[in-house]
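J.: Let me give you the structure first, and then I'll get to my questions.
The values are calculated or read from the model by the stated rules, or taken from the named source; none is laboratory data. Fair warning: this is a prediction, and the values are worked out from it, not measured in the lab. Here Cβ is always computed from backbone atoms with ideal geometry, including for glycine, and neighbour counts include all displayed protein chains. Accessible surface areas use protein heavy atoms only, side chains included; no ligands, DNA or RNA. Shrake-Rupley method; radii C 1.70, N 1.55, O 1.52, S 1.80 Å.
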Amino acid sequence: MGDTGLTLRIDGALPPSAEAVAAVNELCDRVEDGAGGPVVLEVSGTPLPGWTEGLVVGLVGKWERALRRLERLPAVTVAVAAGEVGGIALDALLAADHRIAGASARLVPQSADGGVWPGMGLYRLARRGESAVIRRALLFGTAVEASEALAAGLLDELTDDAAGAVARIAGLTAALPGADLAVRRQLMLDALATGYEEALGAHLAACDRLLRRSADTRS
């Protein structure tokens, strides 16, 4: 999708992995080396049962740092969601500048060990607002239908013509210097109350506690 080839498919059925981290970092390298945007993230899929088995918090931290790099790129990022979207696919969707989905899409907060995974996806969800839909997703892991996500600001548009929507966004940003876009994006994020770095340690600690508890249960 798009003319630049800056498209990355992210499968939410897979856990965070070294391969996923490398793919995001490689994409970021290309943008930072001067490739034009927009960056398109094609996201779909939800985690399979037992997805945290063998996962370590260090890898979760590497995945989060790759997403943070993606969030700071000097290019617009557009996520295109299809079907059920959870796990690392939902992480990437929430990290994008512009979020597109079809009417049948559903956002599914990932669960682990009977509860909602306490990763930075919760942080990104919370920064989108305080609607009842977002609170239910955060607290109970309730799936969010596409129309609800649009109303809550988790999605920017619903369309069956994702390619046309991406082309329109590319047209809107073609004349904007990437560095200026990155600065404005950062100013917008900084305007919110809690800084990312402050939140990251607490979220990683919560992930580590859950992973250790799951490992103890399996042993």
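J.: Highest mean first, how do 141-151, 197-207 rank when packing is the count of other Cβ atoms within 10 Å averaged over residues?
T.: 141-151, 197-207
J.: If I model a spin label as a point 7 Å beyond the Cα along the Cα-Cβ vector, how far apart are those points for Asp216 and Asp160 in nm?
T.: Those two pseudo-labels are separated by 5.2 nm.
J.: Multiplying the sequence separation of Asp208 and Ala167 by 0.36 nm and subtracting their Cα-Cα distance, what value in nm do you get?
T.: Contour length minus Cα-Cα distance gives 10.7 nm.
J.: While we're on this one: With every protein chain left in place, what is the accessible area per residue of the stretch 79-198 in square angstrom, probe 1.4 Å?
T.: That works out to 46 Å² for each residue.
J.: May I pose another question? Starting from the alpha-carbon convex hull of the chain, give the projected area averaged over all orientations, in nm².
T.: 11.2 nm²
J.: What residues have an amide H closer than 5 Å to that of Arg106, excluding those fewer than 5 places away on the same chain, when H is modeled at 1.01 Å from N in the peptide plane?
T.: It is Gly83, Glu84, Val85, by chain and number.
J.: Output ³J(HN,Hα) for the stretch 98-107: one whole-Hz value per residue in order, computed from phi by the Karplus curve 6.51 cos²θ - 1.76 cosθ + 1.60 with θ = phi - 60°, and x for Gly and Pro.
T.: The phi angles translate into 10, 10, 10, 8, x, 5, 8, 5, 9, 9 Hz.
J.: Based on DSSP, what percent of beta bridges with both residues in the chain are antiparallel, to the nearest 5?
T.: 15 percent
J.: Calculate how steeply helix 18-32 sits against the longest principal axis of the alpha-carbon atoms of the chain, using the helix alpha-carbon long axis, and give the answer as 0 to 90 degrees to the nearest 10.
T.: The angle comes out near 20 degrees.
J.: Calculated from DSSP H runs of 4 or more alone, at -39500 (n - 2.57) each and per residue, what is the 222 nm mean residue ellipticity of the chain, nearest 500?
T.: Result for the chain, helices only: -15500 deg cm²/dmol.
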